[in-house]
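Below is one structure; the comments refer to it alone.
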Amino acid sequence: MREMHRKESCPQQRTRGSRRAQGADDIGDDAEEEGEEEISESTDDSSDPEYVPSKEQRRGKTRKKRAPKNRLSVELAQYLGEAERFLNNDQFDEAEEICRTIIASAPNSSPPYVVLAEIYYRRGDHEKSTEYMFEAAQRNPGDTSLWLSLIDFAEEKNDLALAMHYTKLALRGDRQNSDIRRRLIQYYERAGQSRSALMLRLSALSVTPEPSGEKQFQLARSLADEFFKLMDRPSSIRAYESAFEKYPDSGTDADKNTTLSMMLQLRKYENALRFLLRYCNVSITTEAGKPLRWDRLADQLKHPNKYTNLTFPDTTPPELYMKLFLILIHLKLSAICIVSVFTILTEENAEKYFDWLLDIIKSFRTYGLHSAAGEMLLELTRLESTKQIPLVWTMLAEVQVELGQVEKAISSYRHVLDTLAPRHTEARVALGGLLKRVGRHEEALDLMAPSNVISEQSSSRSNKRPSKVPSSLSKSRNSNRPNKLRESQSGAMPFEPSDTSDQEHRDRDDDDDFAVEQAKRDAKWLKTSSAVSDASLLSNDPVAYRIAFERCKMLDHPDSAHQFMDEAWNVLFTDVARLCGPDWAELAVILDNSRLRARLMSRLGTNDHSCKLVTSRTHGLKERNVTTADIWSLYLRLIGMLMAEMPNTLAHLEAAAIWGGLLPAIYNDESRRAAASNLLISSCLVGHNGTPAYFKLREIYKKWSHQNQYWNLMNIAILLARDFRQCRLLDRFSEDCRYPLGIISNNDCIVRGSHRLAIARLIGLREQYPHDPLIALLLGVGFLGVSLHKHIASHHPPVLQGLGFLNEYRRLRGYCQEVYYNIARFCHQLMLCHIAIEYYEKVLKMEPVGDTEEEKALTDLRSEAAFNLALIYRSNGNRAMAHHLIQSYLVI
């Protein structure tokens, strides 16, 4: 601080001011000399009618230099000397008063703030000293010593952020100072801001270039590599451009090639042409010899047709002039380079620069120059190094189609499939589409048969895969009713009455038996599915899968609807059917076991990661797989056609719904999985297959358990599955669904004959829901069942209890057909026919519940009551009355 204070004394202040003025004069003289040079250079172009002089040249006069605002007058500088003398005598108050007086007179001058900073530093108030030093630096940002003092203060505090801030301000005041720039770079690296450090080093290439071109380009290459690793290609380009601006003759051909490559990747064709014109000695002129100038490129490219001549040095590397041709085509200057393009189609260039030649051909096609593209491709088919490449022939066929040469295009595609690459997917798909367009449908279908591209290791697949929908689905439809399974399940259902403890013991035995049976099924399925190798699966061959899919799209026409269904079924479900097996029991195992289902879908999902090359060359095309959206669209199309032909296709719809839920393309998407799950539940319930529907309903339990419709469907699925052990699995669900679970469990107990257990569960529900009429009705049914047991001391108490709950049910439910019908059924079951007749007749006289005719038709019980009443009359010998009831209520 003392040294800095001495620098700010009065005599040195004048010297430094005079030096700054002299430096400003030198800068002004240099600027004038540069302006004179620019004007002298521009006089050569004054004859050009399109030439427009710049603003600096039109101005013609330079502004007068102004004195800096932060300079003190002579009187104030002498007055500041008095403050310095007081400071040296440790008279801080007098020195501070003088400094504040000077600040009031010249608030933009920095020396009084420097003296104030020294005063507070000697007083020991370093924070205040730093503040005044910062005020001084702000008023004189070009004084590097002030900023360095502030940076040193920040480093003493270990405040890296504050040091970076001061260094940025110092660099803003003196951009030519390489020491400050290097210091800021170090701070950025310490703070982990490597990108900011790289950007600062990049700006240094233009502001403070290296002393030699070799060092400049060496630094530019390293910076470009760093930016390229960060995927920042524009900054990499700026690094090379900065080097070329300072040393245009020091750049190598590799540097030029790298710069142009990055520009082409970013599609900066105008910038690339400007670079070629400026640094690569490329010349483009009109017929009158007027050149295309790099500094006025944007305006001159508005009329590209007037440029007819292109010249470049003979020593230009092939990569550079191929990039030049590509740039000219994109800038609509292809007329001046077409002749040169055909001269470079040599054997050597085709071998080394095949990719660039393909880019030139694609550019020709992009801008409608199909004839030029076709000539280049024909020439490539004659060269030894490229005539065996399928891509050349497929591109030639595409160009021939665009030129209307259909037969030649078919011949080119045939050459690829018959000679070069029989498994080339794109060529086969394109040829099939072309044949269909010209009306050769049968030939197109034969070409798109998957058997034409199936590899040798999976050639046995065709003998194992079902060929048509009816045969495969008829087999699965016959297995939709597994009699042995249902017989075993129905045989396991106990109907004998027992106590609650005996029933719980039997439940545990049933669970153990169920677990053993499930383990046996798992082992059986693993053994069966392991026998099917992955190589024999259609999804393992992406080429055959793609061809089969394209064949389905070709057959999607009203005239070939059934054939489309056959092919779509084979594409979607052949592998699933082979891995699952046709038996519903094995399929139910997969639906219930998440581990087995994941194993199945992992084998079916081989098509998602399989990708093979058509040829061994690096530029061969990768076979594209069918996307999940394509599979989903095909699945929906198949389902729609099956639903349109209901009910004849109910078996097909069931199998499609179940197998579709196992496809990875559907299961891995939540919305598709939900749609397939809903379709599975609906089709299986309609087809009376409850087991798959039960497993799917159990999966969506958390989402829909609050809806009564869900539990109705669950009850229907359990009844159709006829496996009432599944009811006990429901007891493990949350207590939030206690009411529907209790009703379903009660039904299970009643069906199995465990009326006492059913009554016990219903009593617990009644305590929680005392005003529910359904619970009262079920309690009456439970006591009715108890009264029918053989081994019971007296039948009267349960009958009276049952009648009591029926009376409570009538009170809660109200007077309607449902109540009278249930009372009549109760009395009918107890052989109290005289009471049952009375209540059946009440049902016949009442109107059903409902606001509309459709609602009344759904709730009308008169036909059921008439039928039961006719049975009573017939059993009592009154056939005339029975006939009258049947004719009145049952005959339509």
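Values in this text are rule-based calculations from the coordinates and carry no lab data. Computed from a predicted structure; not experimentally measured. Counting neighbours? That spans all protein chains shown, and the Cβs are built from the backbone with ideal geometry, glycine included.
Kindly put Thr381, Thr852, Thr366 in sequence by how many other C-beta atoms sit within 10 Å of each C-beta, fewest to most.
By the 10 Å Cβ count, ascending: Thr852, Thr366, Thr381.
Please give the FRET efficiency for Ser178 paired with Ser73, using the beta carbon to beta carbon distance and R0 = 51 Å, rounded to the nearest 0.05. Don't jump to the answer; show the numbers that get you there.
Numbers: r = 35 Å, r/R0 = 0.69.
Computed FRET efficiency for Ser178 and Ser73: 0.90.
Based only on other Cβ atoms within 10 Å, what is the fewest-to-most ordering of His330, His791, His834?
If I rank by nearby Cβ atoms, fewest first, I get His791, His834, His330.
With unit charges on the beta carbons (Lys and Arg positive, Asp and Glu negative) and the dipole taken about the Cα centre of the range 213-449, which residue among Val341, Tyr353, Trp393 sits farthest to the positive side?
Of Val341, Tyr353, Trp393, it is Val341.
At a 10 angstrom cut-off on C-beta neighbours, averaged per residue, how do the peptides 165-171, 201-207 rank from highest to lowest?
165-171, 201-207
Find out how many positive minus negative residues lie around Leu844, taking Lys and Arg as positive, Asp and Glu as negative, among other residues whose Cβ is under 13 Å from that of Leu844.
-2
Run the numbers for Lys408 and Ser633: contour at 0.36 nm per residue of separation, minus the present Cα-Cα distance, in nm.
Separation in residues times 0.36 nm, less the Cα-Cα distance, equals 77.6 nm.
So for Ser283, Ser875, Ser129, fewest C-beta neighbours within 10 Å to most, what's the order? Don't jump to the answer; show the numbers that get you there.
Values: Ser283 14, Ser875 10, Ser129 21.
Taking fewest neighbouring Cβ atoms as first place, the list is Ser875, Ser283, Ser129.
Can you give me the long-range amide H partners of Asn309? Hydrogens built in the peptide plane at 1.01 Å from N, cutoff under 5 Å, separation of 5 or more residues or another chain.
Residues meeting the criterion, in which the H sits 1.01 Å from N, are Thr285.
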